[in-house]
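Participant: First, the structure itself, so that you have it in front of you.
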Amino acid sequence: MTHDHDLVLRPTEAQTSAALNPPPGRNGGDLVVETLSGLGATTVFGLPGQHALGMFDALRRSSLRYVGLRVENNAGFAADAYGRITGEAAPLLLSTGPGALTSLAALQEAAAASAPVLAISSQIPTAGLGGGRHGYLHELPDQQASFRGVVKSVHTVRTQSQIPSAIAAAWQSALTAPHGPVWVEIPQDVLLAETPLPQVTAADATPEELVPRPELTAVAAHLLSGAARPAIIAGGGVIRADASGKLRALAERIQAPVVTTFGGKGAFPWNHPLSLQSWLEDRHTTDFLEDADVLLVVGSGLGELSSNYRTFKPRGRLIQIEADLGKLESNYPALGIHADARLALSALLETVDERPDEAAPERVRTLLERVHSRIASQQLALEQDALASIRRALPPRSPSFWDMTILAYWAWSAFDPRHPNTMHSAQGAGGLGYAFPAALGAAAADPTHPVLAVSGDGGALYSIAELATAKQHGFDVTWLIIDDGGYGILREYMTDTFGETTATATATETATELTRPDYVALAESFGVPGVRTAPETLEGDLAKALSTPGPSVIVLPAVLRMFAPTHLG
């Protein structure tokens, strides 16, 4: 009898010959890029540094495409977007100390958004490890400590033979639900030393499936089948699990209205009769969800934004499907099901009863009329027209990336993404500078559709150097910069809270007001076409830029306002 543990894959004669006679001139960096290629990677992002040169030297001998950005944090944002668009682990190559630390904000966003990023950093030479103060360039007493609270897992390498296994384990971790960024670090001397090891030809790093417990899905199906007023909150976990089709099938079977979180935009069709859209920061929507006797939450932790700033107080029974164990019942008691959204929804569809409810679409229409009536009463036509212009100009399957700017806050609630996995923002961690470098990563992932980035002038200055990257690679990205002369949303927050913005020591400026460049002239200095537009010409200028190959910048001088919040009263 043959048992599974007795099965051994026998190398072919060619593989044996290659292993016994590896090509000369290889180093530890070659083991890194060979492992990545063996795992299926095709593109890597990053920025070179002295300790990491072994990896970058090895790229010359590999088939991997390298996309280099000008700032490590921006390289991390690009890798984040590549991971979101492709569902693959995006390699991010970094150097020691300052180079590694500069990526932290991007890795925090990837963690918050469950984007699979495989960060591989160099380290000081092996002799300097252990916490002593040896005076090496870029030395940190414990570099890993800066990342343990941010990434999903940390993987250490001290010898060349550990490289393939460490990277494969990190790859598996990044792609096992919940997806997330992972960290690998390798000392400089390990990367630079010539290696006697054979070429890495394949690596096994199959992600583990997160299957729901059947007794829990049976209870959930029973509750949903017997509900009088069921409703569903669909989060980003639905998008990451590619479960939008199953979500729609379940909603239609039990006639449950669906609202999508800001991270779950596109998980449910915007104009479906059961779609509550994404108006989570509206008290009418909060009241509707509180009235549900059974509320199914899929792929969301019901955090600050999804709970309308903690004002959501459910009265019915909650069922929460969540792949991130740390988010399961972390904010509200529920029937918690620790599982991948796709697998859990599949299980529900197998057992839930059909539940007719002719009144559900009418309840949805009534709710949306109340929401739209509230917005219409606030005289915010400029903001709504700008969003409508963008939606008409943007091709239906083109992805869009939004920075932390007022128009993005509008888009979270009011923008129709048309398709799943096409609208992305930095609302997970809330850092500035995300949109443009992320759009570059998306363009690298899929060059068949033009990509849109939307930033304010404050956020644009975080990533302006990447105009050089866009030009160098010819990425088909249109960057819309809303220029209001400051940090617009912070200006509103301070005025609403304190009555005015904070004055500097000279009392002639405020902390939220900015001196900014001529963005059109600045773009053109990089060789990127720039256009200054106006609200009435925005749609046409955007459509033209999006239909013209290569990067472009459109500047809209405008002071936008947010709609009134409903959680403060």
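Participant: Of the conditions (1) in contact with a His (Cβ under 6 Å, 6 or more places away or on another chain); (2) surrounded by 21 or more Cβ atoms within 10 Å (Cβ to Cβ), LEU107 clears all except one; give me its number.
Facilitator: (1)
Participant: Being within 27 Å of ARG240 (Cα to Cα) and not in a loop (DSSP other than H, G, I, E, B) narrows it down to one of LEU382, LEU348, so name that one. Can you show your working first?
Facilitator: Numbers: LEU382 fails: within 27 Å of ARG240 (Cα to Cα).
When all the criteria are applied, what remains is LEU348.
Participant: Considering only the range 387-407, I want to know if a residue exists there that is touching a Lys or Arg at 6+ places or on another chain (Cβ under 7 Å), of a type in the set (Asp, Glu) and modelled with pLDDT of 95 or more.
Facilitator: No, there is no match, as no residue in the range 387-407 is touching a Lys or Arg at 6+ places or on another chain (Cβ under 7 Å), of a type in the set (Asp, Glu) and modelled with pLDDT of 95 or more.
Participant: Next up: Touching a helix residue (DSSP H, G or I) at 6+ places or on another chain (Cβ under 6 Å) and of a type outside the set (A, V, I, L, M) - does that describe any residue in the range 333-341?
Facilitator: Yes, some residue in the range 333-341 is touching a helix residue (DSSP H, G or I) at 6+ places or on another chain (Cβ under 6 Å) and of a type outside the set (A, V, I, L, M).
Participant: Also, quick follow-up: So, in the range 96-113, how many residues would count as being modelled with pLDDT under 95 and either β-branched (Val, Ile, Thr) or outside any helix (DSSP H, G or I) (or both)?
Facilitator: Residues meeting the conditions: 2.
Participant: Mind checking which strands (runs of 3 or more DSSP E) fall wholly inside the range 252-302 and carry at least 2 residues that are closer than 24 Å to PRO396 by Cβ?
Facilitator: On the way: elements: 258-260, 275-277, 294-298.
Per the criteria, 258-260, 275-277.
Participant: So, in the range 49-63, how many residues would count as being buried (at least 17 other Cβ atoms within 10 Å of the Cβ) and either closer than 26 Å to ALA113 by Cα or not small (Gly, Ala, Ser) (or both)? Even if it seems obvious, please write down each step before you answer.
Facilitator: Here is the first cut: in the range 49-63, the ones buried (at least 17 other Cβ atoms within 10 Å of the Cβ) are 49, 51-59, 62.
Still in the list and also either closer than 26 Å to ALA113 by Cα or not small (Gly, Ala, Ser) (or both): 51, 53, 55-57, 59.
Total meeting the criteria: 6.
Participant: Right, here's the next one. One residue is enough: does the range 231-244 have a residue meeting the conditions open to solvent by less than 10 Å² (accessible area, probe 1.4 Å), more than 19 Å from LEU343 (Cα to Cα) and in contact with a helix residue (DSSP H, G or I) (Cβ under 8 Å, 6 or more places away or on another chain)?
Facilitator: The answer is yes; a qualifying residue exists.
Participant: Can you confirm whether the range 211-231 contains a residue that is part of a strand (DSSP E or B) and in contact with a Ser or Thr (Cβ under 9 Å, 6 or more places away or on another chain)?
Facilitator: no
Participant: Could I ask something else about it? Which of (1) within 22 Å of the chain's Cα centre (by Cα); (2) buried (at least 22 other Cβ atoms within 10 Å of the Cβ); (3) modelled with pLDDT of 95 or more does LEU343 not meet, given it meets every other one?
Facilitator: Checking LEU343 against (1) within 22 Å of the chain's Cα centre (by Cα); (2) buried (at least 22 other Cβ atoms within 10 Å of the Cβ); (3) modelled with pLDDT of 95 or more, the one that fails is (2).
Participant: OK, next. Return yes when SER413 is touching a residue at least 24 places away in the same chain (Cβ under 8 Å) and surrounded by 23 or more Cβ atoms within 10 Å (Cβ to Cβ) and no when it is not. If you could, list the steps in order and put the result at the bottom.
Facilitator: Values: touching a residue at least 24 places away in the same chain (Cβ under 8 Å): yes; surrounded by 23 or more Cβ atoms within 10 Å (Cβ to Cβ): no.
Taking the combined requirement at face value, the residue does not satisfy it.
Participant: With out of contact with any Pro (no Cβ under 8 Å at 6 or more places or on another chain), at pLDDT 95 or above and either under 22 Å from PRO549 (Cβ atoms) or of a type in the set (Val, Ile, Thr) (or both) as the only criterion, which of ALA468, ALA521, ALA442 stands out? Break it down into steps so the answer makes sense when it comes.
Facilitator: Details: ALA521 fails: either under 22 Å from PRO549 (Cβ atoms) or of a type in the set (Val, Ile, Thr) (or both); ALA442 fails: out of contact with any Pro (no Cβ under 8 Å at 6 or more places or on another chain).
Result: ALA468 is the single residue among ALA468, ALA521, ALA442 that is out of contact with any Pro (no Cβ under 8 Å at 6 or more places or on another chain), at pLDDT 95 or above and either under 22 Å from PRO549 (Cβ atoms) or of a type in the set (Val, Ile, Thr) (or both).
Participant: Here's something else I'd like to know. When you check ALA218 against the structure, is it touching a Pro at 6+ places or on another chain (Cβ under 9 Å) and either surrounded by 17 or more Cβ atoms within 10 Å (Cβ to Cβ) or at pLDDT 95 or above (or both), yes or no? Reasoning before the result, please.
Facilitator: Values: touching a Pro at 6+ places or on another chain (Cβ under 9 Å): no; either surrounded by 17 or more Cβ atoms within 10 Å (Cβ to Cβ) or at pLDDT 95 or above (or both): yes.
So ALA218 does not fit the description; no.
Participant: Criterion first (modelled with pLDDT of 95 or more, assigned to a helix (DSSP H, G or I), crowded, with 17+ Cβ neighbours inside 10 Å and under 30 Å from the mean Cα position of the chain (by Cα)) does ALA166 satisfy it? Don't jump to the end; show me each part of the working.
Facilitator: On the way: modelled with pLDDT of 95 or more: yes; assigned to a helix (DSSP H, G or I): yes; crowded, with 17+ Cβ neighbours inside 10 Å: yes; under 30 Å from the mean Cα position of the chain (by Cα): yes.
Here the answer is yes, as ALA166 does meet what is asked.
Participant: Among the listed residues ALA388, ALA408, identify the single one that is within 30 Å of ASP476 (Cβ to Cβ), open to solvent by 10 Å² or more (accessible area, probe 1.4 Å) and part of a helix (DSSP H, G or I). Please lay out each step first, then the result.
Facilitator: On the way: ALA408 fails: open to solvent by 10 Å² or more (accessible area, probe 1.4 Å).
Only one candidate qualifies: ALA388.
Participant: Across the range 172-203, which residue is most open to solvent (accessible area, probe 1.4 Å) among those that are over 20 Å from GLY46 (Cβ atoms) and among the β-branched types (Val, Ile, Thr)?
Facilitator: THR201
Participant: Out of the range 156-204, which residues are of a type in the set (A, V, I, L, M) and within 22 Å of HIS338 (Cβ to Cβ)?
Facilitator: Residues of the range 156-204 of a type in the set (A, V, I, L, M): 157, 163, 166-170, 174-175, 177, 182, 184, 186, 190-193, 197, 200, 202-203.
Result: ALA169, ALA174, LEU175, ALA177, VAL182.
Participant: Please verify whether the range 320-330 includes one or more residues that are polar (S, T, N, Q), open to solvent by 50 Å² or more (accessible area, probe 1.4 Å) and part of a loop (DSSP other than H, G, I, E, B). Spell out how you get there, then give the answer.
Facilitator: Restricting attention to the range 320-330, the residues satisfying the condition of being polar (S, T, N, Q) are 320, 330.
Imposing the further condition that a residue be open to solvent by 50 Å² or more (accessible area, probe 1.4 Å) reduces the set to 330.
Then keep just the ones that are part of a loop (DSSP other than H, G, I, E, B); that gives 330.
Checked against the condition, which is being polar (S, T, N, Q), open to solvent by 50 Å² or more (accessible area, probe 1.4 Å) and part of a loop (DSSP other than H, G, I, E, B), the range 320-330 yields at least one hit.
Participant: Please find, within the range 366-391, the residue that is farthest from the chain's Cα centre (by Cα) out of those that are β-branched (Val, Ile, Thr) and over 26 Å from LEU542 (Cα atoms). Quick ask: steps written out before the conclusion?
Facilitator: Our first condition is that a residue be β-branched (Val, Ile, Thr); within the range 366-391, this holds for 366, 371, 375, 390.
Applying the additional criterion that residues be over 26 Å from LEU542 (Cα atoms) yields 366, 371.
Numbers: THR366: 33, VAL371: 28 Å.
Selected residue: THR366.
Participant: Of VAL32, VAL67, which residue is outside any helix (DSSP H, G or I) and surrounded by 19 or more Cβ atoms within 10 Å (Cβ to Cβ)? Full working, then the answer.
Facilitator: Values: VAL32 fails: outside any helix (DSSP H, G or I).
Answer to the selection: VAL67.
Participant: Looking only at residues that are aliphatic (A, V, I, L, M) and part of a loop (DSSP other than H, G, I, E, B) in the range 235-251, which one is farthest from TRP270 (Cα to Cα)?
Facilitator: Keep residues of the range 235-251 that are aliphatic (A, V, I, L, M), which gives 238-239, 241, 243, 247, 249-251.
Subset that is part of a loop (DSSP other than H, G, I, E, B): 241, 243.
Details: ALA241: 19, ALA243: 16 Å.
Checking each candidate, the answer is ALA241.
Participant: A follow-up question, please. Does GLY456 satisfy being surrounded by fewer than 24 Cβ atoms within 10 Å (Cβ to Cβ) and over 23 Å from SER244 (Cβ atoms)? Full working, then the answer.
Facilitator: Details: surrounded by fewer than 24 Cβ atoms within 10 Å (Cβ to Cβ): no; over 23 Å from SER244 (Cβ atoms): yes.
Considered against the rule, which asks whether it is surrounded by fewer than 24 Cβ atoms within 10 Å (Cβ to Cβ) and over 23 Å from SER244 (Cβ atoms), GLY456 comes out as no.
Participant: What pairs can you find where one residue is in the range 124-150 and in contact (Cβ under 8 Å) with a residue 60 or more places away in the chain, the other is buried (at least 17 other Cβ atoms within 10 Å of the Cβ) and aliphatic (A, V, I, L, M), and their Cβ atoms are less than 7 Å apart, with a gap of 6+ or different chains?
Facilitator: Close Cβ pairs (under 7 Å, with a partner that is buried (at least 17 other Cβ atoms within 10 Å of the Cβ) and aliphatic (A, V, I, L, M)) amount to THR126/VAL190; HIS138/ILE124.
The values are calculated or read from the model by the stated rules, or taken from the named source; none is laboratory data. Values in this document were obtained by computation on a predicted structure and should not be read as measured data. Heads up, the Cβs are rebuilt from the backbone with ideal geometry, glycines too, and the neighbour counts pull from every protein chain shown. Surface areas here come from the heavy atoms of the whole protein model, side chains and all, with no ligands, DNA or RNA. Shrake-Rupley method; radii C 1.70, N 1.55, O 1.52, S 1.80 Å.
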